[in-house]
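Please read the structure below before turning to the comments.
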Amino acid sequence: MFQRLTVLTFVSLKRDFSSSAAGTERALSQATTFTQTIRRRTATGNWVRRIGLSVLGLSAWTLAAAEAQVLPNRGAPTPAAAPANNAAPAGGVVAPGADKIQTVAVVNGEAISRNDLAAACVARYGKEVLQSMVNKLLIDLECQRRGITISEEEIYRQLERVAKSVGVEGMSVEQYLKLVSDKKNISPQRIKDEIIWTDLALRKLAAGTYEVTPQEIDELINREYGPKIQVRLIVENTREQADILLQAARKNPEQFGNLAKNYSRDPATAPYMGLSPQPFKQGDVEPAAEAVLFALEEGQISDVVELYGQFYIFQCQRRYPAVQLNPEQTALMRDRFQAMLATQKLDAQAPAIFRQLQDQSQIVNVMNDSQLAQQQPGVAAMVNGQAVSMADLAEECITRYGVDVLEVEVHRVLLKQQLKTNNLIVTEEDLRDEIIRVATDAGQVDANGNVDLNQWLRRVTEEDESRIDYYVQDAVWPSAALRKLVQNSVQVDNTDMTRGFEANYGPRVRVLAIVTFDQKSCEKVWRMARENPTIENFQRLAETYSMENSSRYNRGEVPPIARYTGRNNLEQAAFELRPNEISGIISEGGSWVILYCLGRTEPVVTDIDAVKDELYGDLMERKTITAMTQRLQDIFNSSQIDNFLTQTAQLSRQDMDAFRRAQAAEQSSGAPRR
């Protein structure tokens, strides 16, 4: 009933859970909400964003040079689990380059060495980085064997194509390089020499193995710019129940939205009266269902359609005609989709290319074989007799992930210092409780409400048991430590209970909304709404001018507005409105909003005692999260941190105050500045 704001870690959790369910996504989004406050990025195992640049137009195989199953050690034992407690993996001490700075950070006088950072990076990323290094070497060796070369001109032309495909009009190669460099913490030269070079090399190695046909491009253009249909939908698990709801909907078509809200099994659309978040395009669903969808006229209700093992009923809200592209736009789209399809096909071909390269190569994974590691100290892998050293692997891990991992290590040191100062320790029981809390929020419970910890750990680590230690170290322990630091400072009083009950169970204002991101546009739309203050006109304006996707595609429909949700301006304006009244312009969170009042909802629960215990637990958790956020920020602000990797320094709050006092005294005395 409540959505706890659960912390998994104090760094931003943008994780790639390939099997994440809605509950997991909720837990992660809640954690991200918390962590955005302190503006940190993660650096933990597969809980981190990868450096791959597919989102910016490159092959997903480019930077990592494919994450195929490489380093097979033919006939060798199964690779050992990754070492715990930041120990260097088998293969010897990770020795950073002698020309590199040996102390990477100092936190309140406590140093973090480059060796420590290298060990932490290799422990978490060594396996995948070694894979990419070996794959890159395989590509390089194969290009040498085939006599394939890539010129500076080719690299520049590919950069031009990629920059153009990003979709930002007029973006130059230099602007693209800066964008990627800033976003991915990677130098422009490295982008050219490794990422673009590898992308081109893969394309040349794969030449003749795939083809993009004109028909495929036409289908994609038609999908993106062809007709679309906006619908409400009801989803049921049985045909019998779906048939009952279909009869009710056809008897009272205007009640379709209420039927969806009350009975639909789809959690994504039921709160929105069954409205799909965006219009359906051709190709979004199976052909049989697509034929039903696109045959509907506005207001018409479909028969029951079986789709993905469930039973759907659709009601057409609006049909959107195809967008007519002029010849110049068509040519631009064909070029863009040609490149996109080529990249997709290259991604599909890459595993076969690497399997072929592996089959014709001798690859020995030394790092994950303890016996080989003792025989060849300092060697991570051998590729056709050529060694990949542990030192090179360590430096590559630092280059790719060092900034992020160092942030985690700095915050770990800060929390350990605070625990020591307060004579506190994080126990195994604390860690277990934190994992149970997160797993419960993610829905990892059985019918009796019990948490299957083993199942959750397999899920969160993607079946890789070697990552459990790092999940606990990097995600669970920091959250448990912060909770320990604030455990005696959080209280829930009567005011909290009253407001919490009002927010969760009190009346809400049903509205249509138009959201814009600049005030001038909002003023223009508001004048048009005031001139014709009808619901139909407001819906048209929302569909045309709202800059927020959900309200635009749903013709202004948004979830009802409750009190005490932190959007003070919006809440006050909404609760002052009468039905069919248009608000003034509301400034909220960097956006400008116009509301059209539809009325108010009826409270579902009117007796606070009926939900008192659950409400208290929810509020205690929310206030605890708030306290944890503030405590971490206070710790950070009161600390002196010298980060030599990023060449940044932070004075403690006390030192900063002293500096400001000295500066003010100097200015008041009239002494010249030095």
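The values are calculated or read from the model by the stated rules, or taken from the named source; none is laboratory data. Keep in mind the model is a prediction, meaning the values are calculated, not measured. A quick note on method: Cβ atoms are made from the backbone with ideal geometry, for glycine too, and the neighbour counts reach across all protein chains shown. The area values use the complete protein model at the heavy-atom level, side chains included, leaving out ligands, DNA and RNA. Shrake-Rupley method; radii C 1.70, N 1.55, O 1.52, S 1.80 Å.
Among all positions in the stretch 486-507, there is at least one residue which is touching a strand residue (DSSP E or B) at 6+ places or on another chain (Cβ under 7 Å) and under 30 Å from Ser551 (Cβ atoms). Would you mind stating whether Val106 is at pLDDT 90 or above, assigned to a helix (DSSP H, G or I) and either among the hydrophobic types (A, V, I, L, M, F, W, C) or over 15 Å from Arg203 (Cα atoms) (or both)? Here the answer is no, as Val106 does not meet what is asked. For Asp193, the requirement of being part of a helix (DSSP H, G or I), within 29 Å of Glu396 (Cα to Cα) and among the charged types (D, E, K, R) is met. Among the numbered conditions (1) closer than 15 Å to Tyr225 by Cβ; (2) part of a strand (DSSP E or B); (3) of a type in the set (Lys, Arg), the only one that Arg318 does not meet is (1). Scanning the stretch 338-384 for residues that are farther than 30 Å from Arg223 by Cβ, open to solvent by 70 Å² or more (accessible area, probe 1.4 Å) and assigned to a helix (DSSP H, G or I) returns Arg355, Gln356, Asp359, Ser370, Gln371, Gln374, Gln375. Picking from residues in the stretch 324-363 that are in contact (Cβ under 8 Å) with a residue 12 or more places away in the chain and among the charged types (D, E, K, R), the one that is farthest from Val388 (Cα to Cα) is Arg334.
Considering the stretch 298-307, and only residues there that are in contact with a strand residue (DSSP E or B) (Cβ under 6 Å, 6 or more places away or on another chain) and of a type outside the set (S, T, N, Q), the residue that is nearest to Gln230 (Cα to Cα) turns out to be Glu298. Looking only at residues in the stretch 600-629 that are outside any helix (DSSP H, G or I) and touching a residue at least 24 places away in the same chain (Cβ under 8 Å), the one that is nearest to Leu570 (Cα to Cα) is Arg600. For Glu219, the stated conditions hold: it is closer than 30 Å to Val323 by Cβ, part of a helix (DSSP H, G or I) and not polar (S, T, N, Q). Gln329: open to solvent by 40 Å² or more (accessible area, probe 1.4 Å), modelled with pLDDT under 90 and not in a helix (DSSP H, G or I), yes or no? Answer is no for this residue. Filter the stretch 461-479 for residues that are part of a helix (DSSP H, G or I) and either farther than 16 Å from Ala439 by Cα or open to solvent by less than 10 Å² (accessible area, probe 1.4 Å) (or both) and give the result. Within the stretch 461-479, Glu465, Ser466, Arg467, Asp469, Tyr470, Tyr471, Gln473, Asp474, Ala475, Val476, Pro478, Ser479 meet the criteria.
The condition of being within 28 Å of the chain's Cα centre (by Cα) and closer than 19 Å to Ser489 by Cβ holds for only one of Leu414, Leu424, Leu431, that being Leu414. Before we move on, is Leu130 hydrophobic (A, V, I, L, M, F, W, C) and either touching a strand residue (DSSP E or B) at 6+ places or on another chain (Cβ under 6 Å) or open to solvent by 80 Å² or more (accessible area, probe 1.4 Å) (or both)? So Leu130 passes the test. Residues that are in contact (Cβ under 8 Å) with a residue 60 or more places away in the chain, within 15 Å of Met547 (Cβ to Cβ) and touching a helix residue (DSSP H, G or I) at 6+ places or on another chain (Cβ under 8 Å) within the stretch 588-599 comprise Trp592, Val593, Ile594, listed in sequence order. Give the stretch 140-166 a look and list any residue that's in a loop (DSSP other than H, G, I, E, B) and free of Cβ contacts under 8 Å to residues at least 60 places away in the same chain, or say none. Passing the criteria: Gly147, Ile148, Thr149, Ile150, Ser151. Only a single criterion out of (1) of a type outside the set (Asp, Glu); (2) farther than 14 Å from Leu130 by Cα; (3) assigned to a helix (DSSP H, G or I); (4) in contact (Cβ under 8 Å) with a residue 40 or more places away in the chain is not satisfied by Ala391, namely (2).
Answer yes or no as to whether Ala513 is touching a strand residue (DSSP E or B) at 6+ places or on another chain (Cβ under 8 Å) and at pLDDT 95 or above. When the stated conditions are applied, Ala513 passes them. Return the residues of the stretch 156-198 that are open to solvent by 70 Å² or more (accessible area, probe 1.4 Å), within 25 Å of the chain's Cα centre (by Cα) and at pLDDT below 85; say none if nothing qualifies. Matches in the stretch 156-198: Lys164, Val168, Asp182, Lys183.
When the stretch 600-655 is filtered for residues that are aliphatic (A, V, I, L, M), touching a Phe, Trp or Tyr at 6+ places or on another chain (Cβ under 8 Å), open to solvent by less than 80 Å² (accessible area, probe 1.4 Å) and more than 21 Å from Asn488 (Cβ to Cβ), the ones remaining, listed by number, are Val605, Ile608, Val611, Leu615, Leu651. Scanning the stretch 236-265 for residues that are acidic (Asp, Glu) and buried (at least 17 other Cβ atoms within 10 Å of the Cβ) gives a single hit, Glu236. Considering only residues in the stretch 535-557 that are over 19 Å from Gly589 (Cα atoms) and open to solvent by 50 Å² or more (accessible area, probe 1.4 Å), the one that is modelled with the lowest pLDDT turns out to be Tyr553. Number of residues in the stretch 411-435 that are open to solvent by 50 Å² or more (accessible area, probe 1.4 Å), aliphatic (A, V, I, L, M) and not in a loop (DSSP other than H, G, I, E, B) equals 0. Would you pick out the residues in the stretch 279-322 that are in contact (Cβ under 8 Å) with a residue 40 or more places away in the chain, open to solvent by 80 Å² or more (accessible area, probe 1.4 Å) and farther than 17 Å from Asp243 by Cβ? Arg319, Pro321, listed by residue number. Being open to solvent by 40 Å² or more (accessible area, probe 1.4 Å), polar (S, T, N, Q) and part of a loop (DSSP other than H, G, I, E, B) is true of Asn580. One residue stands out in the stretch 559-575 among those that are open to solvent by 40 Å² or more (accessible area, probe 1.4 Å) and in contact (Cβ under 8 Å) with a residue 40 or more places away in the chain: the one that is farthest from Gly257 (Cα to Cα), namely Tyr564.
Among the residues of the stretch 436-460, write down those that are in a loop (DSSP other than H, G, I, E, B) and surrounded by fewer than 17 Cβ atoms within 10 Å (Cβ to Cβ). If the condition is that a residue be in a loop (DSSP other than H, G, I, E, B) and surrounded by fewer than 17 Cβ atoms within 10 Å (Cβ to Cβ), then Gly443, Asp446, Ala447, Asn448, Gly449, Asn450, Asp452 are the ones that fit.
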